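Please read the structure below before turning to the comments.
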Amino acid sequence: MDKSKNYTINKDYWEKNIESYSGFYYVNSEENIQLPFGLSVLYKKFLFPLERKVTLERYNNVCAFIDKHVKKGMKVADIGCGSGVFSKKLLEKGAYVYAFDYAESAVELTKKNLSTVAVSNIEVSQFDITKNCIPDVDAAISIGVLPYIDEVDKYFHNILPHTDRFLFNYIDKNNLFNLTRRMMSFLDVRSYSYHSQKEISSLVHNNGFSIAENKKLGTGFILELKKN
Ligand SMILES: C[S@@+](CC[C@H](N)C(=O)[O-])C[C@H]1O[C@@H](n2cnc3c(N)ncnc32)[C@H](O)[C@@H]1O
């Protein structure tokens, strides 16, 4: 599949599914995945519970990062904000938040979900991180986003020069389950982009950052980067 086709599929997917996906944080996802009915039922029955477990583990990791590093008055970017679940946490810590997402539906959902909190401390914008760079901030997070981006060099280029710390996750190209689902595309219901530890580490170091933490998360990793 060529890259632009994959990009359009992913963007359309999130335009339609971001609200349903955010159900993972409460009960389960209601996403309309890209599979014929029978396979979709099986995927939802057996793989959604595992995906929910990873989503909740990821949620705890992100909250720990926010608790440790985000202080009142800091500027923080939430790239690929989705439903605004982490923007809300950042606002509660007293940060000024830039919430970005390329899906208009995610922008609207974030605005709706945050309408009762400190709206004067947040800017929510429709923004594609492969095409625009973030403003200068103290910290940035981008959770569940690199799994939909092939151009990891552009992604880092638009983020790392503008922050001191960065938390993000990716799906490991060399993980056994991912090797299988890349061959059996019906298991790849969200058209993921996969990356290798080698590629990520080299780009991190070339951008003047070091890896402060690197934890396994599901079939990938969650990394905290620190400017050298
Ligand atoms: C799996 S959801 C995660 C949402 C949220 N960060 C969370 O952890 O709940 C991925 C989000 O990334 C957004 N996204 C994907 N590619 C993007 C890009 N190139 N620029 C900005 N947002 C993007 C999608 O629209 C979607 O809202």
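Cut-off is 10 Å between beta-carbons; in what order do 78, 150 appear when sorted fewest neighbours first?
150, 78
Sequence gap at least 6, Cα distance under 8 Å: using those rules, report the relative contact order of the stretch 3-227 to the nearest whole percent.
Once divided by the residue count of the stretch 3-227, the mean separation gives 18 percent.
Can you compute the FRET efficiency between residue 206 and residue 12 using 1/(1 + (r/R0)^6), with r the Cβ-Cβ distance and R0 = 30 Å? Round to the nearest 0.05.
0.35
Run the helix sum for the chain: -39,500 (n - 2.57) per DSSP H stretch of 4+ residues, divided by residue count, reported at 222 nm to the nearest 500 deg cm²/dmol.
Working: 8 runs with 95 residues, N = 228.
Helix contribution divided over all residues of the chain: -13000 deg cm²/dmol.
With the chain treated as a Gaussian network of Cα nodes joined by springs under 10 Å, which of 141, 149, 211 yields the largest mean-square fluctuation?
In this elastic network of the chain, the residue with the biggest mean-square fluctuation among 141, 149, 211 is 211.
Can you give the relative contact order of the stretch 110-228 as a percent, counting alpha carbon pairs under 8 Å and 6+ residues apart?
Reported relative contact order: 25 percent.
Any chance you could run the full-extension gain for residue 67 through residue 130? It's 0.36 nm times the residue separation minus the Cα-Cα distance, nm to one decimal. Mind showing how you got there, number by number?
Numbers: separation 63, 0.36 × 63 = 22.68 nm, distance 2.80 nm.
Length gained between residue 67 and residue 130: 19.9 nm.
With viscosity set to 1.002 mPa s at 20 °C, what whole-number translational diffusion coefficient in µm²/s follows for the chain from Stokes-Einstein and a Kirkwood radius over Cα pairs? Mind dumping the intermediate values first?
Working: Rh = 17.9 Å.
Stokes-Einstein gives a translational diffusion coefficient of 120 µm²/s.
Please go through the residue pairs 72/216; 16/112; 131/154; 154/198; 88/111; 75/215 and name each one whose alpha carbons sit more than 19 Å apart in this structure.
Details: 72/216 30 Å; 16/112 16 Å; 131/154 8 Å; 154/198 17 Å; 88/111 10 Å; 75/215 25 Å.
Too far apart for the 19 Å limit: 72/216; 75/215.
Every read-out reported here was derived from the displayed coordinates using simple, explicitly stated rules and does not represent laboratory data. Remember, predicted model here, so these are calculated numbers, not experimental data. Counting neighbours? That spans all protein chains shown, and the Cβs are built from the backbone with ideal geometry, glycine included.
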